[in-house]
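Pasting a structure below so you can have a look.
The values are calculated or read from the model by the stated rules, or taken from the named source; none is laboratory data. None of these values were measured; they are calculated from a predicted model. For neighbour counting, all protein chains shown are included, and Cβ atoms are generated from backbone atoms with ideal geometry for every residue, glycine included. When the accessible area is computed, the model is the full protein with side chains, heavy atoms only, and any ligands, DNA or RNA have been set aside. Shrake-Rupley method; radii C 1.70, N 1.55, O 1.52, S 1.80 Å.
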Amino acid sequence: MPIKIADNSLIYMLSKNKIKYIHALEQKKCRKEEHAFLAEGNKLVEELLGHFECRLIVGTSSWTKTHPHIKADEIIEVDQEELNRASLQKTPQEVLAVFSIPPADFKPEDIRKALCLALDGVQDPGNLGTIIRIADWFGIEHIFCSSGTADVYNPKAVQATMGALARVQIHYCNLETLIQSLGPDTPVYGTFLDGENIYSQHLSACGLIVMGNEGNGISAEIEKRINRKLFVPNYPQGSRTSESLNVAAATAIVCAEFRRRMS
């Protein structure tokens with residue numbers, strides 16, 4: 001049963017069923033059925049509030065007292081022990097929240113007007129979240145993901161975005177069909193070992209940058225659609241180094257070079 005606090009808003013009590021519901025959001029099937037995802041921690045929750053519809057807040061009394069004007073369908077005030085039981089984290093902070101997943105909406109024209117990213121089978125949620133954070137840093141507002149890419153609403157991916165999910169829109173689609181729809185005049189970049197040195201190539205302010213799977217890179221089907229192949233050289237060139245870069249690290253380098261050209 002809910003109880004009233006000073007400003008007459010309602011505070012609900014934490015139940016076993018509510019904990020079960022929160023834990024179930026770790027599973028993609030449940031997130032899809034509920035159209036909801038979980039976020040944990042002060043900074044992350046505060047970043048997402050106002051950008052996503054908030055269904056549930058579970059916070060300590062100290063957190064709720066310092067956030068008296070938060071809007072959520074349900075607010076549950078708990079002590080640290082209760083928060084520990086509800087959380088998926090080993091060392092939970094003062095708050096967790098459940099947000100609604102927004103409907104997907106994108107237009108291919110977005111790619112012709114600005115620089116966008118595409119992820120072809122990036123499977124690690126941590127890499128995905130980090131890439132979203134990188135995109136946010138470099139002012140990239142749209143990321144197009146293949147069906148084989150990790151779910152952006154996986155709690156690990158959400159956590160790794162550090163709130164960047166509030167500003168970067170993620171779209172899941174058939175990348176091959178998407179790239180075909182852009183036409184031959186739209187720059188579509190990809191990184192390959194046999195590509196051209198990124199530091200000596202012309203880079204456009206608009207278009208699509210495709211980053212591939214952690215182990216296999218960009219798929220053969222998507223490679224056929226890429227009209228500008230790039231290579232990030234090691235240093236010194238030709239020396240024996242690591243076989244490849246982590247996909248998130250490579251994304252950061254590529255995005256930084258594109259933006260450097262625009263400065």
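Condition first: in contact with a helix residue (DSSP H, G or I) (Cβ under 6 Å, 6 or more places away or on another chain) and closer than 12 Å to residue 214 by Cβ. Now tell me which residues in the range 106-128 satisfy that.
120, 122, 125, 126, 127, 128
Listed here are the residues, each with its yes/no results for (1) within 30 Å of residue 42 (Cα to Cα); (2) among the polar types (S, T, N, Q).
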site: 149; (1), (2): yes, yes
site: 173; (1), (2): no, no
site: 206; (1), (2): no, no
site: 255; (1), (2): yes, no
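Which condition number in (1) closer than 25 Å to residue 172 by Cβ; (2) open to solvent by less than 60 Å² (accessible area, probe 1.4 Å); (3) of a type in the set (D, E, K, R) is the one that residue 28 fails?
(2) is the only condition that residue 28 fails.
Show the residue pairs meeting these rules: Cβ distance below 6 Å; 6+ apart or different chains; first residue within the range 245-263 and without any contact (Cβ under 8 Å) to a residue 60 or more places away in the chain; second residue assigned to a helix (DSSP H, G or I) and surrounded by 14 or more Cβ atoms within 10 Å (Cβ to Cβ).
Within 6 Å, the pairs are 257/198.
Quick one: residue 104 ticks every box in (1) farther than 25 Å from residue 176 by Cβ; (2) touching a Phe, Trp or Tyr at 6+ places or on another chain (Cβ under 8 Å); (3) open to solvent by 40 Å² or more (accessible area, probe 1.4 Å); (4) not hydroxyl-bearing (Ser, Thr, Tyr) except a single one, so which number is it?
Of (1) farther than 25 Å from residue 176 by Cβ; (2) touching a Phe, Trp or Tyr at 6+ places or on another chain (Cβ under 8 Å); (3) open to solvent by 40 Å² or more (accessible area, probe 1.4 Å); (4) not hydroxyl-bearing (Ser, Thr, Tyr), only one is false for residue 104: (1).
Between a first residue in the range 60-81 that is touching a residue at least 12 places away in the same chain (Cβ under 8 Å) and under 16 Å from residue 19 (Cα atoms) and a second residue that is aliphatic (A, V, I, L, M) and open to solvent by less than 70 Å² (accessible area, probe 1.4 Å), which pairs have beta carbons less than 6 Å apart while being 6 or more apart in sequence or on different chains?
74/56; 75/11; 75/57; 76/14; 76/58; 77/11; 78/14; 78/58
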